[in-house]
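What follows is a short report on a single structure.
Derivation of every value follows stated rules applied to the coordinates shown; laboratory data play no part. Please read all numbers here as calculations on a predicted model, not as lab measurements. Here the Cβ positions follow ideal geometry from the backbone for every residue, glycine too, while neighbour counts run over all protein chains shown.
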Amino acid sequence: MIQPGRFITFEGGEGVGKSTNIQFCAEWLRSHGVEVLVTREPGGTPVAETIRNQLLKAHHSEPVDPMAELLLVFAARAQHINTLIKPALIAGKWVVCDRFTDSTVAYQGFGRGLPQAWIEELKLLVQRGLEPDCTFLLDAPLGIGMARARGRAISNGDVIDRFEQEQQEFFERVQQGFHWLAQHNRRMRRIDASQPLDNVQAQIAAVLQELTGL
Ligand SMILES: Nc1ncnc2c1ncn2[C@@H]1O[C@H](COP(=O)(O)OP(=O)(O)O)[C@@H](O)[C@H]1O
Ligand SMILES: Cc1cn([C@H]2C[C@H](O)[C@@H](COP(=O)(O)OP(=O)(O)O)O2)c(=O)[nH]c1=O
């Protein structure tokens, strides 16, 4: 019988280094003979990516209702889990995902102020017991993530999305949300992302070694 794969997520604020370290994580696993699927939320499948576009786009004529935002995030997640994540895990692949439900707790819960009970209810319905085996929380002071995200945006010519347009207080609440999650979940590994990249990646590799038993 095929051994089911493991589910690894990367979390943290904007610009802390999630994409950079996901690439490192996937390369590390592949170089140790593990089959890996890299994906992201919101998104990951064509249908879920259309929802992502609506979520990130600045709608100048109409504010997005927080409840609608929450339901869209979970609609994208249902599609992503059922068409991509679960089949990959069942086939024995390790899935490495850029953000997952911890981001919903941090952004829609702590950031927008929606009740955690609503998020928990939707999580039960949509995830049906699926939880990450390990979550890397890349944690850095807000200013550092913002400066890195700005540097990346300038070099890529990116437009600022609807979340990136939020005020400092919103990001402070999001950060508090991630800290709260790290205190309450043993699967979360908090890594100081303000360190040089080599140090961050050495810590990630140590956890991967533990997880793979290699
Ligand atoms: N530890 C680090 N030290 C310095 N720069 C970093 C570090 N980690 C990432 N970066 C740089 O910061 C920018 C944002 O990183 P990225 O991986 O795109 O973040 P995220 O996916 O979390 O938004 C990139 O230009 C990346 O090269
Ligand atoms: C997965 C998820 C993301 N988000 C937000 C956080 C990000 O601002 C945005 C996704 O953008 P992303 O490209 O992952 O952000 P980053 O700038 O860190 O690379 O969606 C939520 O609000 N709730 C969620 O459940």
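If we keep just the residues of the stretch 135-158 that are of a type in the set (G, A, S) and in a loop (DSSP other than H, G, I, E, B), which is surrounded by the fewest Cβ atoms within 10 Å (Cβ to Cβ)?
Applying the first criterion (of a type in the set (G, A, S)) to the stretch 135-158 yields 140, 143, 145, 147, 149, 151, 153, 155, 157.
Still in the running and in a loop (DSSP other than H, G, I, E, B): 140, 157.
Details: A140: 22, G157: 6.
In this case the residue turns out to be G157.
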Would you pick out the residues in the stretch 1-25 that are part of a loop (DSSP other than H, G, I, E, B) and farther than 17 Å from K93 by Cα? G12, G13, E14, G15, V16, G17
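Filter the stretch 181-206 for residues that are part of a helix (DSSP H, G or I) and over 16 Å from the mean Cα position of the chain (by Cα) and give the result.
Step one: of the stretch 181-206, the residues part of a helix (DSSP H, G or I) are 181-184, 197-206.
Correct list: Q183, H184, L197, D198, N199, V200, Q201, A202, Q203, A205, A206.
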Being free of Cβ contacts under 8 Å to residues at least 60 places away in the same chain, more than 30 Å from T212 (Cα to Cα) and not in a loop (DSSP other than H, G, I, E, B) is the filter here; which residues of the stretch 102-124 pass it? Q108, Q116, A117, W118, I119, E121, L122
Can you name every residue in the stretch 168-190 that is within 15 Å of ligand 2 (Cβ to nearest atom) and over 16 Å from Q108 (Cβ atoms)? Q168
Counting only residues that are surrounded by fewer than 24 Cβ atoms within 10 Å (Cβ to Cβ), part of a helix (DSSP H, G or I) and either touching a helix residue (DSSP H, G or I) at 6+ places or on another chain (Cβ under 9 Å) or touching a residue at least 40 places away in the same chain (Cβ under 8 Å) (or both), how many does the stretch 83-101 have? 6
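Pick from the stretch 1-18 the residues that are of a type outside the set (V, I, T) and under 10 Å from the mean Cα position of the chain (by Cα): which of them is nearest to ligand 1 (Cβ to nearest atom)?
Here is the first cut: in the stretch 1-18, the ones of a type outside the set (V, I, T) are 1, 3-7, 10-15, 17-18.
Next, only the ones that are under 10 Å from the mean Cα position of the chain (by Cα) stay: 10-13, 18.
Values: F10: 8, E11: 9, G12: 6, G13: 7, K18: 3 Å.
Among those that are of a type outside the set (V, I, T) and under 10 Å from the mean Cα position of the chain (by Cα), it is K18.
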Search result, residues across the stretch 181-207 that are touching a strand residue (DSSP E or B) at 6+ places or on another chain (Cβ under 9 Å), among the polar types (S, T, N, Q) and either at positive phi or near ligand 1 (Cβ under 10 Å from one of its atoms) (or both): S194, N199
Take the stretch 137-180 and flag every residue that is near ligand 1 (Cβ under 10 Å from one of its atoms) and in contact with a strand residue (DSSP E or B) (Cβ under 8 Å, 6 or more places away or on another chain). L138, A140
Within the set of pairs 6 or more residues apart or between chains, which connect a residue that is within 15 Å of V16 (Cβ to Cβ) and assigned to a helix (DSSP H, G or I) inside the stretch 159-176 to a residue that is of a type in the set (S, T, Y) and within 16 Å of ligand 1 (Cβ to nearest atom) with Cβ atoms less than 7 Å apart? V174/Y107
Only one of R52, R128, R77 that is in contact with a Ser or Thr (Cβ under 9 Å, 6 or more places away or on another chain) and among the basic types (K, R): R77
Could you list, in sequence order, all residues of the stretch 1-20 that are of a type outside the set (G, A, S), touching a strand residue (DSSP E or B) at 6+ places or on another chain (Cβ under 8 Å) and away from ligand 2 (no atom under 12 Å from the Cβ)? R6, F7, I8
Residues of the stretch 34-48 satisfying the condition of being in contact (Cβ under 8 Å) with a residue 12 or more places away in the chain and either within 16 Å of ligand 1 (Cβ to nearest atom) or in a helix (DSSP H, G or I) (or both): V38, T39, R40, E41, P42, G43, G44, V47, A48
May I ask you to say which residue of T20, T45, T9, T39 is touching a Pro at 6+ places or on another chain (Cβ under 6 Å), on the phi < 0 side of the Ramachandran plot and surrounded by 15 or more Cβ atoms within 10 Å (Cβ to Cβ)? T9
